[in-house]
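Structure, as structure tokens:
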Amino acid sequence: MATSMIQPQLALLVINAGSSSIKFALFANETLAELVRGQIDGIGSAAAFRAKSPDRTIDEQLRWPLEVAPKDHSAALHFLIEWLGQTLVGVQVAAVGHRVVHGGSHYTEPVVINEAVLQELESIFALAPLHEPHNIAGIKGARAAFGDITQVACFDTAFHRTQSFINDTYALPRSLYLEGVRRYGFHGLSYEFIAGYLKEHFPERFSGKCIVAHLGNGASICAIENGQAASSTMGFSPLEGLPMGTRSGRIDPGVLLYLMQHKRWDAHQISDLLYKESGLKGLSGGLSNDMRTLEASDSTEAKEAIEYFVQHVQQEIASLAAIMRGVDTLVFTGGIGENSVLIRRRIMQGLEWLGLHVDETQNASGATVLSRAQSNILCLRIPTNEEGMIAQHTKKLATTDRGRD
Ligand code: ADP
């Protein structure tokens, strides 16, 4: 009998399609162990591909000559599927999970994608014009490529739907709330992953008052009480709250009226300003949106950008603690939260008045517990895994597969 060295294996493919990139990760269906993850960047221009497996047996980088580079999401997906087939011989994709930025007020949990779901998602494009169309392009491309297998949409907004009306609204006429002008919140898959981690490893903390700071290029903070989202710094769009790599965070709307009325800026210019030119990049005088570059710089602007970021994280933590009438646990996650010893230290040092006492040695070594034993607040560093969260949801829904057309 012919034998194969490689056992046929079912896998779950996770896709996160952005404006010019597709991030992906493949997980074993049975154990949810990660097999490989990577991304295709620069779709439509100088596209590049990279992929790595946790054990580094796969470690690949590729930059296409312009003439043959994938021109759109569909071509990029086509390459990815071929590459997966050639690299992970014997692995068969059983279901696909998609990260979708916005689920509107309707989707409070992940959903199996069918025609009706796709139509509904297209109807809320206006809520996330910069992200949602790309997410949907990824879904359509994967449906075309994989045919009939189950595909699941997992929403960044879903976790926040437990917020009370008070934390879900702006002080605007109620008619606007009813038509969808709400504080949706984002990074929900990251917060859900962290909540699941706490439930498993720190169960008494899971049922308490937690504040999770997801500090990356995009950054937000979420108050989680008894495992459920209570409030978030991000609101109607991923612009509210903290200053980010290139996004402004909290701003007086009067500034936007000034730009429109006195400088005649249009929506496109204001969108570019708020999404692409502000935050750490704007504050550092254009030096960088990357915290590593700012930390390494001696310039006054870079130092002020860091100071602004740190102070706003502290302010928002205090404000979320006020909403929950206290805080027992603070979690750092995201690229900055997981990796920057300096930023974590500075944030924690400024929260001593709340009873948080940093353990400098633990913080410097990147341990899970960052606070001292006598600290009133347990402070943790937990690497997030949004793709792993999507894989969990996809496995669950693919098993039952409701609602297919
Ligand atoms: P995204 O929102 O794009 O997913 P990430 O979560 O990957 O962003 O975070 C990217 C940010 O993390 C960048 O500002 C980067 O500088 C920062 N970062 C990554 N590693 C470090 C480090 N060792 N020290 C300081 N900042 C870091």
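Taken together, the values in this text are just the output of simple stated rules run on the coordinates, not laboratory data. Being a predicted model, the structure only gives us computed values, none of them experimental.
Some notes on this structure:
- Ranked from largest, the principal axis spans of the Cα set of the chain equal 71, 55, 44 Å.
- Under Stokes-Einstein, with the Kirkwood radius over Cα pairs as Rh, the value for segment 292-396 at 4 °C and 1.567 mPa s is 87 µm²/s.
- Springs between Cα atoms under 10 Å define the GNM used for the chain, and in it the highest mean-square fluctuation of L32, L215, L380 occurs at L32.
- Average Cα contact separation per residue, the chain, under 8 Å, 6 or more apart, as relative contact order %: 15
- Cα centroid separation, segment 89-153 to segment 197-237 (Å): 25
- Largest GNM mean-square fluctuation across F202, F24, F125, computed for the chain with C-alpha springs under 10 Å, falls on F202.
- Hydrodynamic radius (Kirkwood) for segment 1-131, which is based on Cα pairs only, to one decimal in Å: 16.5
- Residue pairs exceeding 18 angstrom between C-alpha atoms, taken from K52/K140; K23/K71; K23/K52; K140/K396; K71/K140: K52/K140; K140/K396.
- Span from the segment 289-368 Cα centroid across to the segment 21-56 one, whole angstrom: 30
- Helix 386-400 axis, angle to the chain major axis (alpha carbon atoms, nearest 10°): 50
- Relative contact order (%) - segment 314-405, alpha-carbon pairs under 8 angstrom, separation at least six: 26
- Descending Cα extents along the principal axes, segment 216-338, whole Å: 47, 35, 18
- All Cα pairs of segment 141-253, percent lying beyond 21 Å: 45
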